[in-house]
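The values are calculated or read from the model by the stated rules, or taken from the named source; none is laboratory data. Every value quoted in this text rests on a predicted model; they were computed, and no experiment measured them. Positions of Cβ are backbone-derived with ideal geometry, glycine not excepted, and every protein chain shown enters the neighbour counts. All accessible areas refer to the heavy atoms of the entire protein, side chains included, with ligands and DNA or RNA removed. Shrake-Rupley method; radii C 1.70, N 1.55, O 1.52, S 1.80 Å.
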Amino acid sequence: MTSIFSRIIRGELPARFIWRDEVAVAFLTIEPRSPGHVLVVPRIEVDRWLDVGEQTMAHLMTIAHKIGEAQREEWGSDRAGLMIEGYMVPHVHIHVWPSWSPYEFHPAGIDRAARPADLDEAAARLRDRMRAHGHSEFVPEDGPSGALRLGDNERHDNAR
């Protein structure tokens, strides 16, 4: 069964994209732990991170690092929180968010009613910060949009 993330990646559902390349995408979650909370997602649909090839996983972490740096600067946070998941949506994804406390890792800290205008503002701020860091090539234009389309059957050599 196709995950909701695969549908977003194919452009069937909208998202607030922060990063797009041939291996992965990153977009704002609709249930943030803090403003600017992003999900880094491989284009390949794999639900267990240990089943993701090492090169792809390293690439995802590189993207997460770049986004975490931008978040920390943009929101003035002490740290960037990071969590690898694949349970709620069976498609590996890395959560990255501006972080001020370890309590943000608890599910009670999730904003399940985030306002679309707040998400749009956070996405625009983060895109601008990513461009300022020299990543314009991978940062899409502002506004919800579909992803760069690759063939549905495309596989990467480093994926199992």
- request: Give the accessible surface of the chain per residue, rounded to a whole number of Å², with probe radius 1.4 Å and ligands, DNA and RNA excluded.
  value: 55
- prompt: Under a 5 Å amide H to amide H cut-off, with H placed in plane at 1.01 Å, what residues pair with residue 81 once short-range neighbours are removed?
  reply: 97, 99
- line: For 25-37, 120-132, ranked highest to lowest by mean beta-carbon neighbours within 10 Å, the order is 25-37, 120-132
statement: Taking 4, 110, 18, 84 and ranking on accessible area (1.4 Å, protein atoms only), highest first, one gets 4, 84, 110, 18
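Ignoring ligands, DNA and RNA, what percent of the 1.4 Å accessible area of the chain is carbon and sulfur? If you can, show how the numbers build up before the last one.
Values: 4510 of 8720 Å².
For the chain, the apolar C and S fraction of the accessible surface comes to 52 percent.
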message: Can you give me the angle between helix 116-132 and the longest principal axis of the chain, using Cα atoms only, in degrees from 0 to 90, rounded to the nearest 10?
response: 80
- line: Over the chain, the quotient of the Cα radius of gyration and 2.2 N^0.38 Å is 0.96
